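Working notes for the structure below.
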Amino acid sequence: MSQSRPAGPAGGRSEDKSESERAALAAAAEAGIHRLAIPTPFAVGRINAYLIEDSPLTLVDSGPNSAKALDELEQALAARGHAIEDLELLVITHQHMDHFGLASILARRSGAEVAALDALGPFLERFGPEMELEDRFAERMMLRHGIPPEVVTALRAVSAGFRAWGAAVEVTRPLADGSELELREHTLRVLHRPGHSPSDTVFLDERRRILLAADHLIAHISSNPLLARPLPGRETRSAPAFPPRHAGESGEEPRPQALVTYLDSLARTREMELELVLPGHGVPITDHAALIDERFRLHRRRAERIRRLTAEQPRSAHEIAQQLWGNVAVTQAYLTLSEVLGHVDLLLADGSVSESEHDGVVTFAASAG
């Protein structure tokens, strides 16, 4: 969920923003990188796929698995003089359906290689079973943090329906973090930047100082670090463990600290020397450091607001979310929970709050002093 809309460096009159956007897209096009805005059924709106006119002809992200997305992608490619069958390399930036849902269809029709972070490959190839595990994980998280069982059941049904927007795809070209993806005229550095999702990967054209950032950084909204299971073989920041709730599952399960991880990733991106950031949604970013600084301030403000709520009385994460946003739609319940727990993790880290468990539900209270 992306709720905040800070002004950031792109602020100003709407005509100034449009001119800035046109100039940035023209600069990207001059570098052979073209934005293709593909429709999605989700509140975030269109995703930005990027066509890199090089050898191999490369498409970064694809849009969701829908006839409308496929039709508009075909039209966008045709406007550039290409067809789906011309694609030679498909690059997937992360595990969210709006970014990779069409990849299987595109690979089948074009014969293109499919490239993604090496640790993401098994998730994409086992999409259905992996999503079932994600839903079970989310169910345990929601029940443990105070969301009523009937809401959890409803959200599980909604999530199962959403899976049709994704589809399993075989990754034929796994990419190691820090490696280079070589095209004829472009060399893209592969950088794992987890947080928004465990698999977020950005691609840096070092010579041109252009970053294909997907959902790692978006100008008009703050990317929500969604709680999700860690990728196999990848270290992750985690809160204290809790016991699983399903028969057949053993051991204790840590709560990934998605926001803490995301802020660490943003800090690394802030230090990069960039001319242009091409995001997965919305307009290009020309001052990434200023935008990231605004994001840091936003998260500090939200954490302080949550601390004040826990100072009034101990509250579960769900109760905190209700205080912040009221009774949100069922589809938003897990997003708001992720948002609250991310900021609680910041407060736990500096000792501002403590947590305790009663009858299987965790509550948070401001620390004395």
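The values are calculated or read from the model by the stated rules, or taken from the named source; none is laboratory data. Computed from a predicted structure; not experimentally measured. As a convention, Cβ positions derive from the backbone with ideal geometry for all residues, glycine included, and neighbour counts pool all protein chains shown. Protein only, heavy atoms only, side chains kept; ligands, DNA and RNA dropped before computing areas. Shrake-Rupley method; radii C 1.70, N 1.55, O 1.52, S 1.80 Å.
Restricting the search to the range 142-185, which residues are in a helix (DSSP H, G or I) and open to solvent by less than 30 Å² (accessible area, probe 1.4 Å)? Of everything in the range 142-185, those that are in a helix (DSSP H, G or I) and open to solvent by less than 30 Å² (accessible area, probe 1.4 Å) turn out to be Met142, Arg144, Val152, Leu155, Ser159. Here Ala27 clears all of (1) closer than 30 Å to Gly128 by Cα; (2) open to solvent by 10 Å² or more (accessible area, probe 1.4 Å) except the condition numbered (1).
No other residue among Val330, Val361, Val340 is surrounded by fewer than 20 Cβ atoms within 10 Å (Cβ to Cβ), at pLDDT 95 or above and among the hydrophobic types (A, V, I, L, M, F, W, C) apart from Val361.
Restricting attention to the range 180-226 and to residues that are under 11 Å from the mean Cα position of the chain (by Cα) and at pLDDT below 95, the residue that is nearest to His96 (Cα to Cα) turns out to be Leu226.
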